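The values are calculated or read from the model by the stated rules, or taken from the named source; none is laboratory data. Treat the numbers as computed from the prediction; the structure is a model and nothing was measured. Don't worry about glycine lacking a Cβ; one is built from the backbone with ideal geometry, like all the others, and counts go over all protein chains shown.
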């Protein structure tokens with residue numbers, strides 16, 4: 001079963017049906033008590049948001065403005081807190097020379113020129129991440145990270161994966 005099939009079964013929103021948040025420029029209305037933790041779980045008023053459809057809705061209106069993360073509609077813009085990165089890569093699939101990924105909120109992508117794998121430090125360790133859209137990044141969840149490691153090739157003491165004709169260092 002492909003990642004696309006899995007995302008459809010999970011009821012996730014296709015990438016091309018997201019609202020045009022980049023076109024909306026309302027005044028900043030303040031902060032809202034929504035937090036995304038290091039694992040990509042969403043909380044409101046300290047409680048876990050347990051409805052995946054609600055998390056996907058919020059994720060679809062998430063935007064990064066400078067260093068801030070905001071939920072934006074045509075009428076409002078509210079800042080939220082993000083502990084690390086807002087999304088997690090939860091599943092990977094290799095198709096020929098391409099690595100396809102899906103996030104915890106249903107975004108799908110292929111590692112390559114448009115979505116290059118990058119390294120960023122967490123607690124002094126370089127960990128892979130990838131830009132999903134418009135400055136919003138995803139960290140690789142534990143299972144997806146181990147899958148990358150399994151596909152990696154060692155070159156001069158470093159580990160690399162190749163996808164869509166591009167090579168990426170993973171550590």
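From the list 112, 106, which residue is outside any strand (DSSP E or B), buried (at least 16 other Cβ atoms within 10 Å of the Cβ) and out of contact with any helix residue (DSSP H, G or I) (no Cβ under 7 Å at 6 or more places or on another chain)?
112
Yes/no per residue for (1) out of contact with any helix residue (DSSP H, G or I) (no Cβ under 7 Å at 6 or more places or on another chain); (2) without any contact (Cβ under 8 Å) to a residue 40 or more places away in the chain:
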residue: 32; (1), (2): yes, no
residue: 38; (1), (2): yes, no
residue: 49; (1), (2): no, yes
residue: 54; (1), (2): yes, yes
residue: 75; (1), (2): yes, no
residue: 81; (1), (2): yes, no
residue: 91; (1), (2): no, no
residue: 94; (1), (2): no, no
residue: 100; (1), (2): no, no
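Take the conditions surrounded by fewer than 17 Cβ atoms within 10 Å (Cβ to Cβ) and in contact with a strand residue (DSSP E or B) (Cβ under 6 Å, 6 or more places away or on another chain) and apply them to residue 163. Does it pass?
Criteria not met by residue 163.
In this structure, does residue 94 turn out to be surrounded by fewer than 16 Cβ atoms within 10 Å (Cβ to Cβ), closer than 27 Å to residue 119 by Cβ, at pLDDT 95 or above and touching a strand residue (DSSP E or B) at 6+ places or on another chain (Cβ under 9 Å)?
Considered against the rule, which asks whether it is surrounded by fewer than 16 Cβ atoms within 10 Å (Cβ to Cβ), closer than 27 Å to residue 119 by Cβ, at pLDDT 95 or above and touching a strand residue (DSSP E or B) at 6+ places or on another chain (Cβ under 9 Å), residue 94 comes out as yes.
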